[in-house]
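Note sheet for the following structure.
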Amino acid sequence: MTQRTFSIIKPDATKRNLTGKINAVIEDAGLRIVAQRRIHMTPAQAGRFYAVHKERPFYGELVETMTSAPVVVQVLEGDNAVARYREVMGATNPEQAAEGTIRKLFALNVGENSVHGSDSLENAAIEIAQFFSEADIVG
Ligand code: CMP
């Protein structure tokens, strides 16, 4: 089933000029980048985006990290895109990420793990709507 998922190339990756290399892994995995924008997230945007983690001890650090430099927000489309992108990203903690995954290749640690991807189809729609309108997405 063709799906859309939401992706963020995080500050640790944009700072190291890895946007193109990460996009190559995404495209090689059969996912199509159907919308993409580079933005510098405000604390309000990052706080709202990660509101589900509000009670976690790392929430403050997470918002700080995500607003420390530009990010690239993206919509990815493809067969089973939500699960496929999670496979391509690898485990949240790069120490546990499989060979060839984006996090194994590029992530520094669990907080600076280079990419975010939606964890469900429902959250993908919510996350996409926070950053893109339907007119921005060209499939
Ligand atoms: P992400 O997929 O963007 O969703 C929430 C983020 O919180 C996660 O990736 C990690 O970057 C971050 N995170 C998860 N666990 C920790 C932790 N123990 N310390 C710092 N950051 C974390």
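Values quoted throughout were computed directly from the atomic coordinates according to the rules given, and no laboratory measurement underlies them. Just so it is clear, the structure is predicted and the values come from calculations on it, not from any experiment. Positions of Cβ are generated from backbone atoms using ideal geometry, with glycine treated the same way; all protein chains shown enter the neighbour counts.
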_All Cα pairs of the stretch 43-104, percent lying beyond 19 Å_ = 51
*Partners for Lys15 among aspartates and glutamates (Cα-Cα distance below 17 Å; same-chain residues under 8 apart left out)*: Glu64, Glu112
*Calculated from DSSP H runs of 4 or more alone, at -39500 (n - 2.57) each and per residue, what is the 222 nm mean residue ellipticity of the chain, nearest 500?*
-10500 deg cm²/dmol
*Pick from Phe58, Phe49, Phe106: which residue has the top mean-square fluctuation in a GNM of the chain where Cα pairs under 10 Å get a spring?*
Phe58
*Taking every Cα atom in the stretch 10-59, find the radius of gyration and the maximum pairwise distance Dmax, and write them in Å.*
14.0, 37
_Which one, His53, Asn109, Pro43, projects farthest toward the positive side of the charge dipole computed for the chain from Cβ point charges (K/R +1, D/E -1)?_
Pro43
_Give me the dipole magnitude in Debye, nearest 20, for the stretch 1-80 about the Cα centre, with unit charges on the beta carbon: positive for Lys and Arg, negative for Asp and Glu._
220
*Given +1 on the Cβ of Lys and Arg, -1 on the Cβ of Asp and Glu, and no further charges, what dipole in debye does the stretch 7-139 carry about its Cα centre, rounded to the nearest 20?*
340
*What is the order of Val110, Val52, Val88, fewest Cβ neighbours within 10 Å to most?*
Val52, Val110, Val88
*Interatomic Cα distance distribution for the chain, bins of 5 angstrom, percent*: 2, 11, 21, 25, 24, 13, 4, 0
*Run the numbers on the chain and let me know its relative contact order in percent, using alpha-carbon pairs under 8 Å that are six or more apart.*
38
